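The values are calculated or read from the model by the stated rules, or taken from the named source; none is laboratory data. Just so you know, these numbers come straight off a predicted model, no measurement behind them. All Cβ positions, glycine included, derive from the backbone under ideal geometry; neighbour counts span all protein chains shown. Ligands, DNA and RNA are excluded from the accessible area calculation, which covers all protein heavy atoms including side chains. Shrake-Rupley method; radii C 1.70, N 1.55, O 1.52, S 1.80 Å.
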Amino acid sequence: MRIGDIEKVELDRLHTLSLSVGWPHRAEDWQFLRESGQGFVALDEIGRVLGSAMWFPHGADFATVGMVITSPRLQTLGAGQWLMKRVFENVAGRDLRLNATRAARRLYLSLDFQPEKTVYQFQGIARVPTTGGPAETRGDIRTLDARDVAAGIALDAAGFGVRRTALIEKLFAHSTGYGLFRGNKLTAFALCRPFGRGHVVGPVVAESDADAVATVRPHVVDHSGSFLRVDTHVDNGEFAAFLSHAGMPVFDTVLTMSLGKRLADFAAGGSAMPKTYALASQTLG
Ligand SMILES: CC(C)(COP(=O)(O)OP(=O)(O)OC[C@H]1O[C@@H](n2cnc3c(N)ncnc32)[C@H](O)[C@@H]1OP(=O)(O)O)[C@@H](O)C(=O)NCCC(=O)NCCS
């Protein structure tokens, strides 16, 4: 096998790779990720894509890692390790975070990643719950536009622990967003964009369960009757209950792991304010 730049590969070959491990990404989702980060592919002697690994730098000291895939016929032969070593060479000096599937946990443990927190993948056919309606919301909900990007970046940074300027700008451009405003100040928001089998809601940043529900609810209304997904570290309380009542039970879990200094978002029992209620995606964090 030889290593190649992920930029140089045709999108349908990447799509075929993720389909081979049962992932829902569309070619467009790969394109979004390629525009947001960097990565490698493993190619065989006739140019078939048999593996991938990507990283997404934010600031000078941090990156997330994702889209680590080896094709089923290559697994357990060391290709995952090989790709990750190449990633390490390119992110030297950065603290890393990723969301590990069960299949990948052993690989990342052997590379010294430390478990942090479980991610719950809520998904299903959306339906509008009868509770948590607009009358119960403190503040004004309105759709977000380009004027709100700077406030969104600042709120996301407060919740996530690292400023993700380029990524949040790009997500705003690809998403519909709802924000909760109190006295003209953005205090919570939820973005929603096409992904995989339907749409994904994320990131969601808010100061309380009630505020998170208030910004996600309009997306549930918009997508009622179609496939919706939310990836979150929250598995109890009003927010998690709302997702279940909105037709999205927990489908699967992955494990957030880190290498190097940890972000502050899970510190002090997760009491950071505001906090990240939903990930942009498992790959992006
Ligand atoms: C996760 C994945 C990338 C691992 O790739 P891989 O090519 O199998 O990894 P490697 O062969 O380098 O194995 C890495 C380690 O895991 C071990 N391992 C891998 N699969 C194993 C299995 N089924 N049983 C036991 N050990 C296994 C290897 O022995 C090795 O351990 P070591 O470092 O202690 O020697 C691959 O299984 C995959 O693409 N899975 C589906 C997609 C996925 O879940 N990606 C992860 C996203 S976070």
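Ignoring everything except DSSP H segments at least 4 long, calculate the 222 nm mean residue ellipticity for the chain; use -39,500 (n - 2.57) per segment, divide by total residues, nearest 500.
Counting only the DSSP helices, I get -9500 deg cm²/dmol.
Counting other Cβ atoms within 10 Å, keep those with at most 16, restrict to DSSP loop, and tell me which trypsin sites (Lys or Arg not before Pro) in region 132-213 are left.
Sparse-neighbourhood loop trypsin sites (Lys or Arg not before Pro): R138, R163, R197.
Under the definition of Cα pairs under 8 Å and six or more residues apart, what whole-number percent is the relative contact order of region 43-159?
18
Tabulate in residue order the Karplus-calculated ³J(HN,Hα) for region 237-253, using 6.51 cos²θ - 1.76 cosθ + 1.60 with θ = phi - 60°, rounded to whole Hz; enter x for Gly and Pro.
x, 4, 5, 5, 5, 4, 4, 5, 5, 8, x, 10, x, 5, 9, 6, 10
Within the chain, how many Lys pairs sit with Cα atoms under 25 Å apart, leaving out pairs fewer than 8 places apart on the same chain?
Taking the chain as the scope, the lysine pair count is 10.
Under a 10 Å cutoff between Cα atoms, tell me which one of Q75, Q121, Q38 has the largest fluctuation in the Gaussian network model of the chain.
Residue with maximal mean-square fluctuation among Q75, Q121, Q38: Q75.
Read phi for every residue in region 219-236 and hand back ³J(HN,Hα) as whole Hz from Karplus 6.51 cos²θ - 1.76 cosθ + 1.60, θ = phi - 60°, with x for Gly and Pro.
5, 5, 4, 4, 10, 3, x, 10, 6, 9, 9, 9, 9, 9, 8, 9, 10, 8
Find me the longest stretch of the chain that has none of the exposed GluC sites (Glu not before Pro), where exposed means in a DSSP loop (not H, G, I, E or B) with at most 11 other Cβ atoms within 10 Å.
The longest such stretch corresponds to 46-285.
Could you please report the charge total around H219, scoring K, R as +1 and D, E as -1 over all other residues with beta-carbon less than 15 angstrom from its beta-carbon?
Net of charged neighbours comes to +2.
Could you work out the relative contact order of the chain? I mean the mean sequence separation of Cα pairs under 8 Å and 6+ apart, divided by the number of residues, in percent.
Normalised by residue count, the contact order of the chain is 23 percent.
For an R0 of 35 angstrom, estimate the FRET efficiency from the Cβ-Cβ distance between R182 and K117 and round to the nearest 0.05.
Efficiency, from the Cβ-Cβ distance: 0.75.
Just the Cα atoms of the chain, one point each, no solvent: what log10 I(q)/I(0) does Debye give at q = 0.06, 0.09, 0.13, 0.15 Å⁻¹?
Normalising to I(0) and taking log10 leaves -0.18, -0.41, -0.86, -1.14.
Using only the Cα atoms, work out Rg/Rh for region 1-151, with Rh taken as the Kirkwood radius, to two decimals.
Here Rg/Rh amounts to 1.06.
In Å², and per residue, what accessible area does region 67-139 have when probed at 1.4 Å with the other protein chains present?
Normalised by residue count, the accessible surface of region 67-139 is 56 Å².
Could you give me the ³J(HN,Hα) list for region 206-212, computed from phi with Karplus coefficients 6.51, -1.76, 1.60 and θ = phi - 60°, whole Hz, x at Gly and Pro?
7, 9, 7, 4, 4, 5, 5
Please report the base-10 log of the normalised intensity I(q)/I(0) for region 121-278, using a Debye sum with one equal scatterer per alpha carbon and no solvent, at each q in 0.08 (1/Å).
Computed log10 I(q)/I(0) values: -0.20.
What residue among L228, L96, L19 shows peak mean-square fluctuation when the chain is described by a Gaussian network model with Cα springs under 10 Å?
L19
Considering only S52, S110, S36, give the residue with the highest GNM mean-square fluctuation for the chain, with springs between Cα atoms whenever their separation is below 10 Å.
S110
How much net charge surrounds T101 when only the other residues with a Cβ under 13 Å from the Cβ of T101 are counted, with Lys and Arg +1 and Asp and Glu -1?
Result for the neighbourhood of T101: +1.
Using Cα pairs closer than 8 Å and at least 6 residues apart in sequence, work out the relative contact order for region 145-285, in percent.
With pairs under 8 Å counted, the relative contact order is 27 percent.
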